[in-house]
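Here is the structure we will look at.
What follows draws every value from the coordinates through simple rules; no lab data is involved. Just so we're clear, the structure is a prediction, and the values are computed from it rather than from any experiment. No Cβ is skipped: glycine too gets one built from the backbone with ideal geometry, and neighbour counts run over all protein chains shown.
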Amino acid sequence: MPIKKIFLYGLLSVLFLSAAACSHDANSKTSSKKENKQETKAEKENAKYAALVKEKNSELDLKPITLTNYSEKVGATITNPKYNAFAVNKELEITGKIEKHELLKEKYVWVKVSSLDVIDSNSVQEYYIPIKNGQFSDKIHFYNGEGKYSVHVMLPATDRENYYYDLSTFEVVNVNPIKQRDLTYTPFAQEAQLTLDTIKSGFMSGKELITVGGTIKEQTSSKNIMIEVKKDSNQWKHEIPIKNGKFSYEVPLFYGKGIHQINVLVPDQQRENYYQYGTTLFVDNQSDRTMKPIEYYRTYEERGITLNTPQFGGDQAKLTYHIKGQIDPNAKFAKETTHIYVKTKKGNDEALDIIPVKHFNFDDSIYLRFGPGEYEVSINVPEIKEEKSNYFRYFSVASFSVENMANEDKRDLLPSRGIPSDDPKIINLAKKITKDKKNNFDKAKAIYKYTAKTISYDVAKFKNNEFEWDDNALKTLKLKTGVCQDYAYLAGALLRASNIEARVITGKAGTGLLKENHAWIEAKINGKWLTMDPTWGAGFVQNDKFVAKYTDKYFQPNMNEFNKTHLRDKVEY
């Protein structure tokens, strides 16, 4: 996904999902006593810090707050606080008036709160307080708990946009040790009516994932908001969809233990495909686990894909892996996208799985069929084209890695694309075909014979390139006709259903110099790979018509002769 340009006022604080649990104590008297004790404790704490505030203020030289000359130009006053340096208990309300507010180019008072004990530019807390009828008011808290803070108040300029002038700077001593980072919103976020519904604090603890959800005004320039995750020099950005003014996403804390900064960016209403900072959340990740970001490509947005599962790369699984998502019905080619392709690659081994799309949703699992180790997985959408062809093109929308923890390598026994060997119809048919056979060699030959004698070659399909993404053994069995891949799919499915390892081989075949694309089967019998070509065993094509003439010549053929007509390329899963 291309990096979008971002223009901003300044950073804020943001989000997360906190759940409040409610319970009813049957013993109301006991509950009441507990509440009274808690209230008494809270009252004592409050009285203690109130006394500390009074004591501290008695030590300070409480001089009246000073304002810059700009206050006279716009008729601004700060009604609270009243002093340049003073003490508070946990919070401070800032209020003021601006007589000539209609001259201001912006609608917010900008307040910056900085700890004087811990100098860290990333931890500065910023507030944008709306100016309403010439007045402003907001309560602020102190993100570092007890200590000294500098509070800087600025007013919008009268002569230019996006510019602020100093109004006043004063010092606050917070006597309360409780750390509280407020959830604040930039002017961009406030104009977009961004609200993180379940987030109550700008700083919180989490473990691996944080749910970021809320509401936003329906935008005309974009259907997405952007999430940005940062830690040290690491950074990840991702667009998430807005639906009916709502959004929700589980944000991975990719970079292990420690504080992650999560920025929520809102669409820029003046420029398409631009975003502005809306709010910022700091999350202290309690997990040591390091995850890998998913890489999203331009096609992800163009084709309206939302990948719900997985949410991060570097995951671990045992043999199967779950893929889930949806397609925006209004996106390009959404109605025509009836399936997605999932490609898995481990070393030189590669497999392609197909997941159907139903009602713009896809939800299925794929096999990590090549044994234990790390796999590269890509999610792809098919090319939508009018003409038929004997090959399929697809475009990547996302890619990630996953580690298979299962020890088994059952690549040639597991179901695969076109080979639903776990389907009851295939299993029952395989049992019927092989019921009197005593060994795997005889079973394999019976399956070869059944496939070659049952399926007729579809000349029209070959000539007209009538290949479909859902071609498979069940479809071949139903139609009783097909081309070489269909013969191979059916024979392969029946072999695997009989617990015989089988693989589809692709290459070229023909009796002359000009050879066509072709597919056949290799089956593992007594530890050795045996070749069979049920298509050539079924008969031949003469004058564009199929002539059925069964032969077992192409079951365990003489390989010297076979290689003269068949050029092996690769195993295809």
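So how many Lys-Lys pairs in region 89-150 land under 20 Å Cα to Cα, not counting same-chain pairs under 8 apart?
Close lysine pairs found across region 89-150: 16.
Student exercise: in region 246-373, how many lysine pairs 8 or more apart or on different chains have Cα atoms under 16 Å apart? Walk me through the numbers before you get to the answer.
Details: 257/292; 318/345; 318/346; 324/343; 324/358; 335/358.
Lysine pairs meeting the criterion: 6.
Which of 475/549; 385/431; 410/432; 431/461 have a Cα-Cα distance over 32 Å?
Exceeds cut-off: 385/431.
Is region 227-371 best put as rounded, prolate or oblate by its Cα gyration tensor, with a ≥ b ≥ c the root eigenvalues, rounded for a/c under 1.5, and otherwise prolate when a/b is larger than b/c, oblate when not? Please report the intermediate quantities before stating the final value.
Working: a/c = 2.27, a/b = 1.17, b/c = 1.94.
Oblate, since a/c reaches 1.5 and b/c is not below a/b.
When a/c reaches 1.5 or more, the comparison of a/b and b/c decides; with that in mind, is region 323-458 rounded, prolate or oblate per its Cα gyration tensor?
oblate
Could you work out how far helix 484-497 tilts from the main Cα principal axis of the chain, as a 0 to 90 degree angle to the nearest 10?
80 degrees
For the chain, what does -39500 (n - 2.57) per DSSP helix run (n ≥ 4), summed and divided by total residues, give at 222 nm, in deg cm²/dmol to the nearest 500?
Numbers: 11 runs with 111 residues, N = 573.
For the chain, the value works out to -5500 deg cm²/dmol.
Please tell me the relative contact order of the chain in percent, rounded to the nearest whole number, where contacts are Cα pairs under 8 Å and at least six residues apart.
That works out to 9 percent.
Ordered by packing density, taken as the mean number of other Cβ atoms within 10 Å over each peptide's residues, highest first, how do 253-264, 466-477, 429-440 rank?
Averaged packing, sorted descending, gives the order 253-264, 466-477, 429-440.
How tilted is helix 424-434 with respect to the longest principal axis of the chain? Cα atoms for both, answer in degrees (0 to 90, nearest 10).
For helix 424-434, the angle is close to 30 degrees.
Rounded to the nearest 0.05, what FRET efficiency do residue 137 and residue 410 have when you use their Cβ-Cβ distance and R0 = 56 Å? Don't skip to the answer; put the middle values down first.
Numbers: r = 68 Å, r/R0 = 1.21.
Between residue 137 and residue 410 the formula returns 0.25.
Relative contact order, percent, of region 424-572 when contacts are C-alpha pairs under 8 Å separated by at least 6 residues?
On the way: 260 pairs, mean separation 36.1, N = 149.
Worked out over region 424-572, it gives 24 percent.
Tilt of helix 28-59 relative to the longest C-alpha principal axis of the chain, in degrees (0 to 90, nearest 10)?
Between helix and principal axis, roughly 50 degrees.
Given just the C-alpha atoms of region 36-185, how large is their convex hull per residue in cubic angstrom?
Value for region 36-185: 121 Å³ per residue.
In the chain, with Lys and Arg counted as +1 and Asp and Glu as -1 at Cβ, which of these residues, 77, 567, 189, has the Cα nearest the positive end of the dipole, that is, farthest along it?
Looking along the dipole axis, the top candidate is 567.
Compute the length gained on full extension between residue 322 and residue 569: take 0.36 nm times their separation in residues and subtract their Cα-Cα distance, giving the result in nm to one decimal.
Details: separation 247, 0.36 × 247 = 88.92 nm, distance 3.08 nm.
Length gained, residue 322 through residue 569: 85.8 nm.
Assign unit charges at the C-beta atoms only (+1 for Lys and Arg, -1 for Asp and Glu), then state the dipole size of the chain relative to its Cα centre in Debye, rounded to the nearest 20.
Once rounded to the nearest 20, the dipole reads 2040 debye.
So which lysines pass the test for residue 553, namely a Cα distance under 18 Å, with those fewer than 8 places away in the same chain ruled out?
Leaving aside lysines fewer than 8 places away in the same chain, those within reach of residue 553 are 443, 445, 449, 453, 564.
Of the listed peptides 171-184, 96-109, 539-552, what is their order by residue-averaged count of other C-beta atoms within 10 Å, with the highest listed first?
Highest to lowest by the protection proxy: 171-184, 96-109, 539-552.
Work out, in µm²/s and without decimals, the Stokes-Einstein translational diffusion coefficient of the chain at 25 °C, 0.890 mPa s, Rh from Kirkwood over C-alpha pairs.
Taking Rh from Cα pairs, D becomes 84 µm²/s.
Using a ≥ b ≥ c from the Cα gyration tensor of region 424-572 (square roots of the eigenvalues), is it rounded, prolate or oblate, where a/c under 1.5 gives rounded and otherwise the larger of a/b and b/c decides, a/b for prolate?
The shape class here is oblate.
What Rg and what Dmax come out for region 198-289 when only alpha-carbon atoms are used, in angstroms?
In Å, with Rg to one decimal and Dmax whole: 13.4, 41.
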